[in-house]
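See below for the structure under consideration.
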Amino acid sequence: MADITVELVSVERMLWSGKATIISAETTEGEIGVLPGHEPLLGQLAENGVVTFRPVDGDRKVAAVQGGFLSVSTEKITVLADWAVWADEVNESQAQEDALSSDELVSSRGQAALRALARSRES
């Protein structure tokens with residue numbers, strides 16, 4: 001099966017780098033799926049989005065992201081997020097509380113975390 005290098009990076013840390021067979025990301029234009037060989041593109045990530053990809057050697061990975069960009073070239077896909085967290089790092093009760101916050105940034109991150117958690121539970 002074909003693969004492509006994927007990097008998931010937030011302002012705070014490098015979350016993942018490796019080979020994957022598919023990635024999907026929620027952008028301001030909607031959800032986009034990218035396979036190896038996709039035409040180059042640059043997309044703006046949704047403010048409370050989810051990024052999912054399937055590593056060549058492992059289980060599907062799901063992350064909550066907020067803002068940033070998705071860059072697709074012929075050799076690599078880079079997700080550069082303003083903020084990102086793995087679904088399995090999400091504290092559900094804290095994310096629920098954050099989603100109800102009057103602070104727009106905190107609320108958006110809480111919503112993204114809950115959406116990533118829900119996506120990670122899908123089969």
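The values are calculated or read from the model by the stated rules, or taken from the named source; none is laboratory data. Computed from a predicted model, the values in this text were never measured in an experiment. Please note: Cβ atoms are built from the backbone with ideal geometry, for glycine as well, and neighbour counts cover all protein chains shown.
Observations on the model:
- Which listed residue is at pLDDT 95 or above, within 13 Å of the chain's Cα centre (by Cα), closer than 28 Å to MET1 by Cα and surrounded by fewer than 19 Cβ atoms within 10 Å (Cβ to Cβ), from LEU70, LEU80, LEU41: LEU80
- Among the strands (runs of 3 or more DSSP E) confined to the stretch 30-86, the ones with at least 3 residues that are free of Cβ contacts under 8 Å to residues at least 40 places away in the same chain are located at 30-34, 41-44, 61-72.
- So GLU47, is it modelled with pLDDT under 95 and over 23 Å from LEU117 (Cβ atoms): no
- Filtered by the rule that a residue be among the polar types (S, T, N, Q) and surrounded by 16 or more Cβ atoms within 10 Å (Cβ to Cβ), the stretch 44-67 gives ASN48, THR52, GLN66.
- Checked against (1) surrounded by fewer than 20 Cβ atoms within 10 Å (Cβ to Cβ); (2) under 20 Å from SER120 (Cα atoms); (3) in contact with a Phe, Trp or Tyr (Cβ under 8 Å, 6 or more places away or on another chain), LEU8 passes all but condition (1).
- Qualifying residues in the stretch 1-29 (those that are among the acidic types (Asp, Glu) and part of a loop (DSSP other than H, G, I, E, B)) - the one nearest to LEU117 (Cα to Cα): GLU12
- Residue satisfying all of: in the stretch 87-115; assigned to a loop (DSSP other than H, G, I, E, B) and of a type in the set (A, V, I, L, M, F, W, C); surrounded by the fewest Cβ atoms within 10 Å (Cβ to Cβ) among these: LEU100
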